[in-house]
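Below: the structure, in structure tokens.
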Amino acid sequence: FVQNRVARVLEAVSGAATIMSMLQDHYVACVAPRVRGHIGDLALCSGGVAMLMKAVSEAATAVLQRLVDAIIIQAEKTLMIEQKRSDFTPDASGAALGAVGQPTGACLLVCTQLAAVQRAAGAALGAANLGGFLLEVGTRT
């Protein structure tokens, strides 16, 4: 799930961010100096770039939000499928099975999945986006 879906989406968002950064650099270095003397043209160009940046940012945010939703759904499915009733059922003597405070196998599996998400996000996202993304995943799990 993480390599096939999560990492690919994160890489696509990262690629879009890189392209937008290159666009800004090109605008500052090449376009803005050529239209500086023409206030109307400068305003149109600046406005167009700002609208594009806003649209791409909103689209990337929406994609990342849907990705967080998918990660949470995957964690919930893993728990539903892997968690055993006996993990919480007391044995005949009334003592709970397993050590108190010890994670179940299903819990460990979800933790492994979330660690893989963290690694994939760390490889694909910049510091500011990484922090926000991981905070969203962490508060929703």
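Within the range 38-64, the only residue that satisfies the criterion of being hydrophobic (A, V, I, L, M, F, W, C), more than 28 Å from Asn129 (Cα to Cα) and surrounded by 13 or more Cβ atoms within 10 Å (Cβ to Cβ) is Leu42.
Of all residue pairs spaced 6 or more apart or on separate chains, those with beta-carbon atoms under 7 Å, a first member in the range 64-86 that is under 11 Å from Cys107 (Cα atoms) and in contact (Cβ under 8 Å) with a residue 12 or more places away in the chain and a second member that is part of a loop (DSSP other than H, G, I, E, B) and open to solvent by less than 90 Å² (accessible area, probe 1.4 Å) are Ala75/Thr141; Gln83/Thr104. A single entry from Val35, Val68 fulfils the requirement of being of a type in the set (A, V, I, L, M, F, W, C), modelled with pLDDT under 95, under 27 Å from Thr18 (Cβ atoms) and open to solvent by less than 50 Å² (accessible area, probe 1.4 Å): Val35. The listed residues are Ser14, Ser21, and the only one of them that is open to solvent by less than 50 Å² (accessible area, probe 1.4 Å) and of a type in the set (S, T, N, Q) turns out to be Ser14. Looking at the structure I just gave you, is Gln3 open to solvent by 100 Å² or more (accessible area, probe 1.4 Å) and in a helix (DSSP H, G or I)? Here the answer is yes, as Gln3 does meet what is asked.
Each residue in the range 18-50 was checked for being more than 30 Å from Val6 (Cβ to Cβ) and either assigned to a helix (DSSP H, G or I) or among the hydroxyl-bearing types (Ser, Thr, Tyr) (or both), and 22 of them qualify.
The values are calculated or read from the model by the stated rules, or taken from the named source; none is laboratory data. Computed from a predicted model, the values in this text were never measured in an experiment. No Cβ is skipped: glycine too gets one built from the backbone with ideal geometry, and neighbour counts run over all protein chains shown. Heads up: the accessible areas ignore ligands, DNA and RNA and are worked out on the full protein's heavy atoms, side chains in. Shrake-Rupley method; radii C 1.70, N 1.55, O 1.52, S 1.80 Å.
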